[in-house]
Amino acid sequence: MLYPILVEHYVWFSLLLLGVTWFARQSKPATRTNLMYGYGMIATLGFVLGFDWVAGIIFGLLVLEVGRLFKAWLDKKQAQLKK
């Protein structure tokens, strides 16, 4: 059920990944720039070459970026509870 949705909205998920990366990696601009280029290249090549499976990779990368933010938030809350 999820896969057809990913393929249908491939471009939007790619743009969402780039947006999340832009805001999530503000503390390290060099890493952010490299990741933006890499994610953009993966999305562009997958779209141009018509590889539908790249939609799953884009979604996985999006989940990893959001998970990284969630883990940082949980660590911050845990540190507050220990005080």
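Brief remarks follow.
- Residues (at pLDDT 90 or above and hydrophobic (A, V, I, L, M, F, W, C)) located in segment 14-28: L15, L16, L17, L18, V20, W22, F23
- The set of residues from segment 69-83 being assigned to a helix (DSSP H, G or I) and farther than 27 Å from G19 by Cβ comprises Q78, A79, Q80, L81, K82.
- Selection from segment 1-38 of residues that are under 19 Å from G50 (Cα atoms) and of a type in the set (S, T, Y): Y3, Y10, S14
- Which listed residue is among the charged types (D, E, K, R) and at pLDDT below 90, from K82, K77: K82
- Among the residues making up segment 1-33, those that are of a type outside the set (S, T, Y) and farther than 21 Å from A72 by Cα are M1, L2, P4, I5, L6, V7, E8, H9, V11, W12, F13, L15.
The values are calculated or read from the model by the stated rules, or taken from the named source; none is laboratory data. These numbers come from a predicted model, not from an experiment. For neighbour counting, all protein chains shown are included, and Cβ atoms are generated from backbone atoms with ideal geometry for every residue, glycine included.
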